[in-house]
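Taking it in order: structure first as structure tokens, then the write-up.
The values are calculated or read from the model by the stated rules, or taken from the named source; none is laboratory data. Every value quoted in this text rests on a predicted model; they were computed, and no experiment measured them. Cβ coordinates were reconstructed from backbone atoms using ideal geometry, including for glycine residues, and neighbour counts include every protein chain displayed.
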Amino acid sequence: MESTILPGWDDRDIVMVSALEHYAYCPRQCALIHVEQTFTENMYTLKGRFVHNLVDVEGMEMEGGVRIERALPIWSLRLGLIGKADVVEFHGNVPYPVEYKHGPRRKHRHDDLQICAQAMCLEEMTGKQVPRGAIYHHLSHRRREVTFDSHLREQVEAAIIQIRMMQHSNILPPPAADERCRGCSLQDSCLPEIKEKGRLRMLLRELFKPEGDT
Ligand code: SF4
């Protein structure tokens, strides 16, 4: 069905900007959230939500001559992307997206795809080049600047195609079953150590278990 949010796109083809981070972290996590609509809280998601609440109210302010937009809706008609940018600073006319994360700097830079996708949306929306942005780590109160080079942009476009295919196929990618699972809030739904048929059997048992059983 044609989308009312992004003209010219089918609803099933639209990709959320946040899906890029999930996909880069673990494709199965991305499918669980964006295809199966699974979401479970754990310590990490709660901390993430706390940090996002700091920037989750739409608004605009000026600071030292820089216009700062918070919770700015973003989109790209070319890429079929929609989402929200935590903070966008406008240095002159040039947008500079800043994504808030609760933890310290991480070894795997899956956030880079998300912030680069934000920049690509902002470029289309404003007609300005967006060469850089930053990830703000709440724990260390430090920013890590990210340069949006052609390699990162290609990775974003490739990931969007993969996510779109996943949304169409409804097939869960295989589990990562490695150290990524330790901090993942979706372990109970994912069951990364169990083969797919066993996982479905366990989820069905859970769904149809009599009330009061734990
Ligand atoms: S538990 Fe592991 S395999 Fe499953 S979604 Fe999370 S990170 Fe991916």
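Does E58 meet the test of being within 16 Å of the ligand (Cβ to nearest atom), loosely packed, with under 15 Cβ neighbours inside 10 Å and at pLDDT below 90? Spelling it out, it is not the case that E58 is within 16 Å of the ligand (Cβ to nearest atom), loosely packed, with under 15 Cβ neighbours inside 10 Å and at pLDDT below 90. Here D178 does not fit the description of being within 16 Å of the ligand (Cβ to nearest atom) and touching a Lys or Arg at 6+ places or on another chain (Cβ under 8 Å).
If you scan the range 184-193, which residues turn out to be more than 6 Å from the ligand (Cβ to nearest atom) and closer than 19 Å to Q37 by Cα?
S185, D188, S189, L191
Annotation note: Cβ proximity below 7 Å between a residue of the range 24-36 that is within 8 Å of the ligand (Cβ to nearest atom) and a residue that is outside any helix (DSSP H, G or I) and β-branched (V, I, T) (sequence gap 6+ or interchain) occurs for L32/T38. Please state which one of L81, L77, L72 is exposed (fewer than 15 other Cβ atoms within 10 Å of the Cβ), under 21 Å from L113 (Cβ atoms) and among the hydrophobic types (A, V, I, L, M, F, W, C). Being exposed (fewer than 15 other Cβ atoms within 10 Å of the Cβ), under 21 Å from L113 (Cβ atoms) and among the hydrophobic types (A, V, I, L, M, F, W, C) holds for just one of L81, L77, L72, which is L77. On inspection, Q114 does not qualify as surrounded by fewer than 20 Cβ atoms within 10 Å (Cβ to Cβ) and of a type in the set (S, T, N, Q). L139 satisfies every condition listed in (1) without any contact (Cβ under 8 Å) to a residue 40 or more places away in the chain; (2) closer than 24 Å to P27 by Cβ except (2).
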